[in-house]
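The values are calculated or read from the model by the stated rules, or taken from the named source; none is laboratory data. All of these numbers come straight from a predicted model, not from anything done at the bench. So basically every Cβ, Gly included, is an ideal-geometry build from the backbone, and we count neighbours across all protein chains shown. Only protein heavy atoms, including side chains, enter the accessible area calculation; ligands, DNA and RNA are left aside. Shrake-Rupley method; radii C 1.70, N 1.55, O 1.52, S 1.80 Å.
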Amino acid sequence: RADDGTRMPRCDALQNLEEHIRSRFWILVMIDVASRMPLAWVIAESPGAEATLALLRMATRDKTREKLLYGCTGEPAAAVGLMHVKNDNGTGLRNSTVVGALMGTGSINTITRTYASADRPHIERLFGRLEMDVFKLLPGYTGRGPGELPGYDAMANGVLTVEQLYGIVSRYFIDEYPSTRHHGVGMGGRRPSEVYRTINETRGQIPPIDPHTRRIQLGWKDEVTPTDEGVRVFSGVWFNSTELQRKREEYGVKGKVKVYVDPDDMNLATVVLPMAPEPIEVRLQITAFADMTLPEILRLMAEQRREDPETAAFHDDRVMR
């Protein structure tokens, strides 16, 4: 309703709602330079440090979940280690959080120059191909610069949700791009998936990062007090293990400990005790959360805690009576 109490027309209400919902998003992509195989892709509201860490986590983990979730038929790149990361000069990549995480994983970090596409030709070509094959065909495409699409209202025609866009991009990077012929330097018309398979068979791939190191450097952290039931992180997710209880008694832990989780895989977590020389692995205690990501778990718990005001008032009245 409007301020005077009159009912607004449906179209006006929808237009007012769309002004708050529609926004511009960024896509971050990471590839294997040797084979041009896509390793990770993240869509974020801003290309900040957290989005970059999510990109690094995806590159270093298995991507079977995306394959099954979006019905892909191709085979995505396996989890790999990060030997040498060559990135753009943006603030989302050049910051203390990301640089520290790469140093912690033992990676070489090279920051290229601003406005020097020759420093990163492989990823520049990939973005151009992604724009030509995918983005130009989607409703709401804004063009590469102002005035490229005269008379086209991109905001009015943008009807995709972030989840739909992520599905389209995932299917492209898993099913289509690895199976197209690539004529870049060193490729000679071969397909990225074939080059990737050949390199892994003849030379092997960079070993994946140690799980504890990966969670500590790239994951999410919470500080909690351990109990006999384990550690409870993010207001409702329990982890425990026999080793945790044994070390807790051995070192006489009284205060808080640091718990690191991979938000994309909540089955295991890493606990760092103040006096223990090695991190401790703990296992998820709630089986209903086993196949969910941390954002999905937090969203589910928020939905369960949310209650209709009239229902809450009814039960509160009953309790008070």
Counting helices only, and only those DSSP H runs with n ≥ 4, report the 222 nm mean residue ellipticity of the chain as the sum of -39,500 (n - 2.57) divided by its residues, in deg cm²/dmol to the nearest 500. -10500 deg cm²/dmol
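Sorting check: for 204-217, 129-142, 166-179, which peptide has the highest mean count of neighbouring beta carbons within 10 Å, and how do the rest follow?
On the way: 204-217: 17.2, 129-142: 14.6, 166-179: 19.5.
Listed from highest to lowest mean packing, they are 166-179, 204-217, 129-142.
So what is the relative contact order for the chain, in percent, with contacts set as C-alpha pairs under 8 Å and at least six apart? Write out the running numbers ahead of the final one.
Values: 423 pairs, mean separation 41.5, N = 321.
Averaging sequence separation for qualifying contacts and normalising by length gives 13 percent for the chain.
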At q = 0.16, 0.19 Å⁻¹, the log10 of I(q)/I(0) for the stretch 266-317 from a Debye sum over equal Cα scatterers comes to -0.67, -0.76
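Hey, what's the chain come to in accessible area per residue, 1.4 Å probe, Å²? Could the numbers behind the result be given before it?
Details: 19030 Å² over 321 residues.
Per-residue value: 59 Å².
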Using only alpha carbon pairs under 8 Å that are at least six residues apart, calculate the relative contact order of the stretch 66-143 and give it in whole percent. 24 percent
Let's test this: bin the Cα-Cα distances of the stretch 141-190 at 5 Å from zero up to the farthest pair and state each bin's percent. 4, 17, 13, 13, 16, 16, 13, 6, 1
Carbon and sulfur atoms account, in whole percent of the 1.4 Å probe accessible area of the stretch 130-228, for 55 percent
Rounded to the nearest Å, the spacing of the alpha-carbon centers of the stretch 111-145 and the stretch 161-209 is 17 Å
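How much of the accessible area of the stretch 268-307, in percent, comes from carbon and sulfur atoms when a 1.4 Å probe is used? If you can, show how the numbers build up before the last one.
Working: 1310 of 2510 Å².
Using a 1.4 Å probe with all protein chains present, the stretch 268-307 comes out at 52 percent carbon and sulfur.
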What is the calculated FRET efficiency for residue 83 to residue 162, with r their C-beta to C-beta distance and R₀ = 25 Å, to the nearest 0.05? 0.20
Just to verify a number: FRET efficiency for residue 111 and residue 312, C-beta to C-beta distance, R0 = 51 Å, to 0.05? 0.45
Based on the inverse mean of 1/r over its pairs of different Cα atoms, what is the Kirkwood hydrodynamic radius of the chain, in Å? 23.0 Å
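Determine one quarter of the surface area of the Cα convex hull of the stretch 220-321, which equals its mean projected area, and express it in nm² to one decimal.
Numbers: hull surface 33.3 nm².
It is 8.3 nm².
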Could you tell me the extents of the stretch 129-281's C-alpha atoms along the three principal axes, largest first, rounded to whole Å? 68, 48, 22
What distance in nm lies between label points placed 7 Å from Cα along the C-beta direction at residue 73 and residue 238? 4.5 nm
